[in-house]
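I have placed the structure first, in the form of structure tokens, so that the comments after it can refer back to it.
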Amino acid sequence: MLVSAKDMLTKAKQGHYAVGQFNINNLEWTKAILMTAQELNSPVILGVSEGAGKYMAGYKTVVGMVNGMLEELNITVPVALHLDHGSYEGALKCIEAGFSSVMFDGSHYPIEENIAKTKELVKLTNEKGLSIEAEVGSIGGEEDGVVGAGECADPQECKQIADLGVTMLAAGIGNIHGKYPENWAGLSFETLDAVQQLTGEMPLVLHGGTGIPEDMIKKAISLGVSKINVNTECQLSFAAATRKYVEEGKDQQGKGFDPRKLLAPGFEAIKETVKEKMELFGSVGKA
Ligand code: 13P
């Protein structure tokens, strides 16, 4: 059964580790992530962007697929199904469809509007026992066509949003979705520290987990990050493994064209990436 992300993140914050949110794109992604979490006895959050939800034929299809897998694959570790960077309407749709967690990304609105909309969704998710993530200060890079400049969050605004009763808070600290540019300035630990000082027990979320050096990940966790989002890195490892299979001509040997064979190396590559991240984040054995 899907669970809210609240308990797993409260434990992570107290235990000084982070739970990974891995974005899903299809059945192979979902199965690879769930099986790895089970093998490593780690809690996990499956992230679904609005674009990926549409691609997978809608939120209800996603809920059906994930719930089916939890049962058929005997997944017993805590799993949350979470809308990633949701709009207000998208969040309502996911709540209706059976997600156990939503992110409302109101970071592009003026702070008053972000507060007003987040407040409404906090009320709704609280009533239903679901978790909710809010965002202050946009995350740089592009995701589903939304381009953020990546400015650092204002710690006072973070406190205002945290005080609304959200489950977890994503604060922009110079992080970027996708690959980091050569001249990237790195994470702003000064901002993160200031945000944590003001928000106390609130689990903080680090987006753009792909390509952040290990020492920065560890430092971020030590400063209160309890959830780290990874998307691009699974896509890169899946693509590289699939490319290798095709370049070696394996799709042209025997029944190598069978999708179950063709997608197998990519599936294994996602498993390996997820394993590396769970080990780095410290969530192994914490289910
Ligand atoms: P990356 O694609 O950079 O790993 O970011 C994922 C993310 O933050 C999803 O919200």
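The values are calculated or read from the model by the stated rules, or taken from the named source; none is laboratory data. Note that the coordinates shown come from a computational prediction; the quantities given were computed from them, not determined experimentally. A quick note on method: Cβ atoms are made from the backbone with ideal geometry, for glycine too, and the neighbour counts reach across all protein chains shown.
Below are the figures for this structure:
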| item | result |
| --- | --- |
| Some residue of the stretch 86-93 being closer than 23 Å to Glu233 by Cα and part of a strand (DSSP E or B) | yes |
| Residue match in the stretch 127-140 (condition: away from the ligand (no atom under 12 Å from the Cβ), over 25 Å from Thr210 (Cβ atoms) and hydrophobic (A, V, I, L, M, F, W, C)) | yes |
| Residue within the stretch 189-201 that is surrounded by fewer than 19 Cβ atoms within 10 Å (Cβ to Cβ), among the aromatic types (Phe, Trp, Tyr), touching a helix residue (DSSP H, G or I) at 6+ places or on another chain (Cβ under 9 Å) and farther than 25 Å from Ile161 by Cα present | no |
| Every residue from the stretch 222-236 that is within 16 Å of the ligand (Cβ to nearest atom) and part of a helix (DSSP H, G or I) | Thr232, Glu233, Cys234, Gln235, Leu236 |
| Residues that are touching a Leu at 6+ places or on another chain (Cβ under 9 Å) and either modelled with pLDDT under 95 or not in a helix (DSSP H, G or I) (or both), drawn from the stretch 116-149 | Leu130, Ser131, Ile132, Glu133, Ala134, Glu135, Val136 |
| Residue in the stretch 268-282 that is free of Cβ contacts under 8 Å to residues at least 40 places away in the same chain and surrounded by 16 or more Cβ atoms within 10 Å (Cβ to Cβ) present | yes |
| Members of the stretch 100-114 that are away from the ligand (no atom under 15 Å from the Cβ) and either over 17 Å from Cys158 (Cβ atoms) or among the basic types (Lys, Arg) (or both) | Ser100 |
| Matching entry among Gly172, Gly178, Gly208 (being within 12 Å of the ligand (Cβ to nearest atom), in contact with a Cys (Cβ under 6 Å, 6 or more places away or on another chain) and either without any contact (Cβ under 8 Å) to a residue 40 or more places away in the chain or not charged (D, E, K, R) (or both)) | Gly172 |
| Residue check for Gly186: free of Cβ contacts under 8 Å to residues at least 60 places away in the same chain, within 12 Å of the ligand (Cβ to nearest atom) and either under 16 Å from the mean Cα position of the chain (by Cα) or surrounded by fewer than 22 Cβ atoms within 10 Å (Cβ to Cβ) (or both) | no |
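Listed here are the residues, each with its yes/no results for (1) away from the ligand (no atom under 14 Å from the Cβ); (2) more than 16 Å from Ser4 (Cβ to Cβ); (3) at pLDDT below 95.
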{"position": "Gly58", "(1), (2), (3)": "yes, yes, no"}
{"position": "Val77", "(1), (2), (3)": "yes, no, no"}
{"position": "His82", "(1), (2), (3)": "no, no, no"}
{"position": "Lys93", "(1), (2), (3)": "yes, yes, no"}
{"position": "Gly98", "(1), (2), (3)": "yes, no, no"}
